[in-house]
Each structure stands twice: as structure tokens, then as C-alpha cells.
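Asks: Structure provided below as C-alpha cells; questions to follow.
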Amino acid sequence: MIIDTHTHFGDPAHPQSLLYRTSLPATYKSLAIPAGVTGTVVVETARHIEDNQWVLDQAAHDPFIVGLVGNLDPFAADFAPTLERFAANPLFKGFRLHANCCRTYTGAPPLPTGKISPRLRASLELLVARDLTLDFHGDHTTLGYAAELTRQVPGLRLVLNHIADGRPINGRAPNPQWARCLCEIAAQTTAYCKISALVQMTETTPAPTEVEFYRPTLDVVWNAFGAERVIYASNWPQIERFSDFATAHRIVARYFESKGSKAEEQFFWTNSQNAYRWAARK
């Protein structure tokens, strides 16, 4: 079983879409199923609140979709009823928090480690009460803030997106500040890390295809989070600006082959099940 925990479906014609092209489940499956992928957790694509419903409507007819990490505004006055609405669907697994949104709210870049707004804390406590998950999209400058969220909201499951933007990946030792900050948040035992978007972080087109080019960066993530808190994800279709799906998948598959069959299983599906509480569908 392989669950890809970071795909984007939608149409750039939709309001506030983040996609550069129309991306539908059928297209994704034509690429992912030959690589052995058996399901996906979709991540928010647009800032429009009804995009959540659009994905859930797609999932209602497609059991390949095992969950949605949606788009909600935890600073909004109507967050509680909006969460209530979408969480009524068991495929809704949580939402993604963008570090830039937090910067806007606190008005202080970079984010002050201890400055968590009461409204955000209250919203995340509602997330925990519903056994849902928070995806966090930021870089090494915001990892201290992410770690503070896990400290101030007990029980919060937090999933870092795209190895916290550990760029540039260039075949050499990665940014030492990123590595240090990643290790610090990994000390929070409810934090997970998606190994995704690696080909994008090479900042070259096409991206290198050999696993050795990525190994120094992957080793930092592995050593920080261990076998039980790293999660497979692709970031399709955004990765296709730099590489094809099969190549991006093969890079991480070859890296985890060397970790043993149990670690492979954890990486490809059991860790994400622990993080998102998804269930296989028929």
C-alpha cells in the first residue's frame, strides 16, 4: 500500500486557485497507479472556502481519495461553525496553516516564537478536540513558531510540508540553519514531516534523477524524525515543472529501500495513517 499525502486537484479558473493547470483525479491516477500508489490525501488548492466542498464531492465518487487537508482560516470569527460543517464529513482530516498568514496576523516577520494569538490557539484546540491534523507550510525561519504551536496546544498533530522548504538541494550538505531548526521541531513528538517536493528544491530543470544527489538532505530528515514520523508525499502536479511523477517517486523509493521493509511500510502508509487517521475505502 502507498498513500500519497500531498496532491492538488482543481482548476486554475477557480477563484484564488494556486494551480498552474487543470489537475483532476483521473490524470493523477494514470501516473500514480503504475508507480504503486493506492490512494491519496488531497491538500487545499484554492483560498476559496467552497474548494473544500469541491474536493469532498470528488471524493464521494472516488474511493482513491482517502482524505482532504483543507483550507480554513483559523483567525476568522466563523472558524468554529466552518470547521463543524466540514468535519462532519469523515474524509475531512484537518487544514493547512501557512506561515505567511501567521506573519500577517502577528505583524512581525519573522514570527516571534512565543507570540501565538489566543484566537489561533482556540481554533487549534477545536482541531485537537475533533482528532484532526494541522499541516504547516513554512521554512526554517518559521519552525520555531510551529514548535511553539505544539507546545501551547497539547495533543496537536502537526505535519510539516515539503521538509520545511529545505532548499537549495544541490547534492552537498544542506543549509545548517535549516538542519538545526528541523532537529529542534522533531523533538516535539507529535510533529511529522512530509518528504515531498524534493525535485522542486533543486531549483534546476530538469531536476537530477539520482538518489545520491538528494541523500545529504534526506539523511538530515531521517536522522531528525526517524522511521515513525516521515511521510510519503509528492506535491503533484507542482513537481511536474521540474520532473515527472515516476522519477520523483523513484528517488524516494530508492532511498527507503535501504532502510528495510518495515521502514518502507511506515514511510509509504502507516505513518500517514497515524498522522491523518485515514481509512482505506472501497
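The values are calculated or read from the model by the stated rules, or taken from the named source; none is laboratory data. Fair warning: this is a prediction, and the values are worked out from it, not measured in the lab. Here Cβ is always computed from backbone atoms with ideal geometry, including for glycine, and neighbour counts include all displayed protein chains.
Asks: State yes or no: is residue 154 modelled with pLDDT of 90 or more and either among the hydrophobic types (A, V, I, L, M, F, W, C) or over 19 Å from residue 76 (Cβ atoms) (or both)?
Replies: yes
Asks: Just to be sure I understand the filter: pairs with C-beta atoms under 8 Å, separated by 6 or more residues or on different chains, first member in segment 139-152 and acidic (Asp, Glu), second member buried (at least 20 other Cβ atoms within 10 Å of the Cβ) and assigned to a helix (DSSP H, G or I). Which pairs pass?
Replies: 139/99; 139/164; 139/178
Asks: Would you check if residue 206 is part of a loop (DSSP other than H, G, I, E, B), touching a Gly at 6+ places or on another chain (Cβ under 7 Å) and over 24 Å from residue 3 (Cβ atoms)?
Replies: no
Asks: Let me ask something else. Which condition number in (1) among the small types (Gly, Ala, Ser); (2) under 19 Å from residue 136 (Cα atoms); (3) touching a helix residue (DSSP H, G or I) at 6+ places or on another chain (Cβ under 8 Å); (4) in a helix (DSSP H, G or I) is the one that residue 263 fails?
Replies: So the condition that residue 263 fails would be (2).
Asks: Let me ask something else. Output the residues belonging to segment 153-179 that are of a type in the set (Gly, Ala, Ser) and in contact (Cβ under 8 Å) with a residue 40 or more places away in the chain.
Replies: Within segment 153-179, 166, 171, 173, 179 qualify.
Asks: Another one. If I ask for residues that are of a type outside the set (A, V, I, L, M) and part of a helix (DSSP H, G or I), which ones from segment 241-260 would you list?
Replies: Within segment 241-260, 241, 245, 247, 249, 250, 254, 255, 256, 257 meet the criteria.
Asks: Give the number of residues within segment 77-131 that are at pLDDT 95 or above, hydroxyl-bearing (Ser, Thr, Tyr) and farther than 14 Å from residue 49 by Cα.
Replies: Residues in segment 77-131 being at pLDDT 95 or above, hydroxyl-bearing (Ser, Thr, Tyr) and farther than 14 Å from residue 49 by Cα: 1 in total.
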